[in-house]
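To keep things clear, I will list the structure first and then write my remarks on it.
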Amino acid sequence: MATIPSHNLLTKNYHSSPSFKTTSSSEPSFIHLPEKRSRVAAKASLSRTNEASLSAVISRLERERQGLTDGGGEQWRTAEDFRLRDKKTEEERRLRDTWRKIQGEDDWAGLTDPMDPVLRSELIRYGEMAQACYDAFDFDPSSRYCGSSRFSRHEFFDSLGMKGSGYEVARYLYATSNINLPNFFSKSRWSKVWSKNANWMGYVAVSDDEAATRHRLGRRDIAIAWRGTVTRLEWIADLKDYLKPVYRNNLRCPDPAVKVESGFLDLYTDKDTSCKFSRFSAREQVLAEVKRLVERYGDDEDEELSITVTGHSLGGALAILSAYDVAEMGLNRSRSGKMIPVTVLTYGGPRVGNVRFKERLKELGVKVMRVVNVHDVVPKSPGLFLNERAPHAVMKIAEGLPWCYCHVGEELALDHQNSPFLKSSVDPSNAHNLEALLHLLDGYHGKGERFVLSSGRDPALVNKASDFLKEHFMVPPFWRQDANKGMVRNSEGRWIQAERLRSEDHHSPDIHHHLSQLRLLPS
């Protein structure tokens, strides 16, 4: 006899518990069809025969028709579930119609105070793309694949539970480990490793051909996501924090006064020709892939195209630098001359360059939105004293110095002390945590507005790699663990580290062709 599934509402949707209430309204009311009293009376009148089984089937089908189950079980939905579903549908419709404004066409004027719900949703979405770089990265020094992605690019989003992202990873990005930036590069303790000189840095993805994706986004989107550091922040003290003209590293630039932090620039442009993963620099990998994708999609008359670059922490600096490079190289212009908007969305990112770098970004039309926690030390570095907050006269006098920095674009400042879910932490790594920033975005409605979660995004994600949630929510700290530390059983029943990296994750065979056309390599 088949067992009747239990209706454990707490395990089906723990957001219905009072501890995770996301609005100021009363507890979500569960929808009952028919009413409880009628069901009890009906059950009392039925005998335990096939008649009762038939009635149960009819009731289940009716609930499915009403949208109260997922068709595969007895999952009850709440009124809040329906509200969030309708809200998401409305936001997708607005994104389709206004995506250029959401991408910063007007520098996000009037969209952050009060907070535009579509902009909030997009900031969270691209932040999750940056978070995916952490979730996929192998930090374990006992793994021979330490420093690589744990997943193949063809299985990337599915492996991370992001199956509905609507994007496909087109190319993985790698960089050499010759630059002394502690906690940015991870190395294995083993002698036989996938690479001694490279680390996986992120990826280039493009929205897929599904009609639903094009309908939702309103355009074809090329997304570039950069990995940041691990949670410790010692790398700030060890930065080569002097400014360096970008032309010194062979970046195209008409103005020698445009300067960026030398460590970021070296990380972006260095390569190791003896390593199959980093024989092309991170810069060359990005430019070649963007060129390929723009040539493929840029002249399509049936759809628009956008380029969105995202990253957290040090990855945010690389996002700004690579977006500048794409625009300076003219890769945001199709062969027919159509301009493609370039937008940068960073999270907890440091300063990157000087005032002239900021001005040149603006001249190129690159739009930058920086999401920061006001208690985070990283956005205050480098340029602790000589920066955009100093008097204009002082900055004018000091602009030639190699330590005079300036933030770029628009800033969205959040405060973790406004969230009733988070501790009033003094731990700098908590203030720098990306999942915490995404949580703050979900509850932000404008300056001085009450913190109320808007999308039902799980607050437990904050503790994925931190101890930031208040204890009474009973979410364990640092709860995310890789299953069996990547060990799997082979056909003989032995536990091994399975082969991970495939040739498809190396550089594409046409990268030399595209770089030659860009005159970055000899033809």
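Residues in region 249-274 that are surrounded by 14 or more Cβ atoms within 10 Å (Cβ to Cβ) and hydroxyl-bearing (Ser, Thr, Tyr) were compared, and the one that is nearest to ARG519 (Cα to Cα) is THR269. Going through (1) open to solvent by less than 30 Å² (accessible area, probe 1.4 Å); (2) outside any helix (DSSP H, G or I); (3) at pLDDT below 90 one by one, TRP235 falls short only on (2). Among the residues of region 299-316, those that are crowded, with 23+ Cβ neighbours inside 10 Å and either under 17 Å from ARG214 (Cβ atoms) or out of contact with any Gly (no Cβ under 6 Å at 6 or more places or on another chain) (or both) comprise LEU305, ILE307, THR308, VAL309, THR310, GLY311. Cβ contacts < 8 Å: first residue touching a residue at least 24 places away in the same chain (Cβ under 8 Å), restricted to region 384-396; second residue of a type in the set (Asp, Glu) and open to solvent by less than 100 Å² (accessible area, probe 1.4 Å), any location; separation 6+ or different chain. Result? Sorted first by the residue in region 384-396, then by its partner, the pairs are MET395/GLU388.
The residue of region 503-523 that is modelled with the lowest pLDDT, among those that are in contact with a helix residue (DSSP H, G or I) (Cβ under 9 Å, 6 or more places away or on another chain) and open to solvent by less than 40 Å² (accessible area, probe 1.4 Å), is ASP505. The set of residues from region 480-497 being part of a loop (DSSP other than H, G, I, E, B) and open to solvent by 100 Å² or more (accessible area, probe 1.4 Å) comprises GLN481, SER491, GLU492, ARG494. Among the residues examined, ARG356 qualifies as under 27 Å from LYS396 (Cβ atoms), charged (D, E, K, R) and either touching a residue at least 40 places away in the same chain (Cβ under 8 Å) or in a loop (DSSP other than H, G, I, E, B) (or both). Considering ARG500, ARG457, the condition of being under 27 Å from the mean Cα position of the chain (by Cα), open to solvent by less than 70 Å² (accessible area, probe 1.4 Å) and closer than 30 Å to GLN285 by Cα is satisfied by ARG500 alone.
Every condition in (1) at pLDDT below 90; (2) of a type in the set (Val, Ile, Thr); (3) under 20 Å from THR346 (Cα atoms) is met by ILE224 except one, and the failing one is (1).
Of all residues in region 385-403, those being within 13 Å of PHE357 (Cα to Cα) and out of contact with any strand residue (DSSP E or B) (no Cβ under 7 Å at 6 or more places or on another chain) number 2. Here region 460-479 is the region considered, the condition is being part of a loop (DSSP other than H, G, I, E, B) and touching a strand residue (DSSP E or B) at 6+ places or on another chain (Cβ under 6 Å), and the residue that is surrounded by the most Cβ atoms within 10 Å (Cβ to Cβ) is PHE468. Residues in region 187-198 that are open to solvent by less than 40 Å² (accessible area, probe 1.4 Å) and touching a strand residue (DSSP E or B) at 6+ places or on another chain (Cβ under 6 Å): ALA198 alone.
Residues in region 388-446 that are part of a loop (DSSP other than H, G, I, E, B) and surrounded by fewer than 19 Cβ atoms within 10 Å (Cβ to Cβ): 18 in all. When the residues of region 164-185 are filtered to those that are modelled with pLDDT under 90 and over 16 Å from SER313 (Cα atoms), the one that is most open to solvent (accessible area, probe 1.4 Å) is ASN180. Quick one: ARG153 ticks every box in (1) open to solvent by 10 Å² or more (accessible area, probe 1.4 Å); (2) without any contact (Cβ under 8 Å) to a residue 24 or more places away in the chain; (3) in contact with a Lys or Arg (Cβ under 9 Å, 6 or more places away or on another chain); (4) not β-branched (Val, Ile, Thr) bar one, so which box is it? Going through the list (1) open to solvent by 10 Å² or more (accessible area, probe 1.4 Å); (2) without any contact (Cβ under 8 Å) to a residue 24 or more places away in the chain; (3) in contact with a Lys or Arg (Cβ under 9 Å, 6 or more places away or on another chain); (4) not β-branched (Val, Ile, Thr), ARG153 breaks only (2).
Between ASP208, ASP241, the distinction of being surrounded by fewer than 24 Cβ atoms within 10 Å (Cβ to Cβ), under 30 Å from ALA431 (Cβ atoms), touching a residue at least 24 places away in the same chain (Cβ under 8 Å) and of a type in the set (Asp, Glu) belongs to ASP241 only. Evaluate the following for ALA109: is it of a type outside the set (D, E, K, R), surrounded by fewer than 20 Cβ atoms within 10 Å (Cβ to Cβ), at pLDDT 95 or above and not in a strand (DSSP E or B)? Here the answer is yes, as ALA109 does meet what is asked.
Only residues that are open to solvent by 10 Å² or more (accessible area, probe 1.4 Å) and either under 22 Å from ARG292 (Cα atoms) or hydrophobic (A, V, I, L, M, F, W, C) (or both) were counted across region 335-361, and they come to 7.
The values are calculated or read from the model by the stated rules, or taken from the named source; none is laboratory data. Given the structure is predicted, the values throughout are model-derived calculations rather than measurements. Heads up, the Cβs are rebuilt from the backbone with ideal geometry, glycines too, and the neighbour counts pull from every protein chain shown. SASA here: full protein model, heavy atoms, side chains in, ligands and nucleic acids out. Shrake-Rupley method; radii C 1.70, N 1.55, O 1.52, S 1.80 Å.
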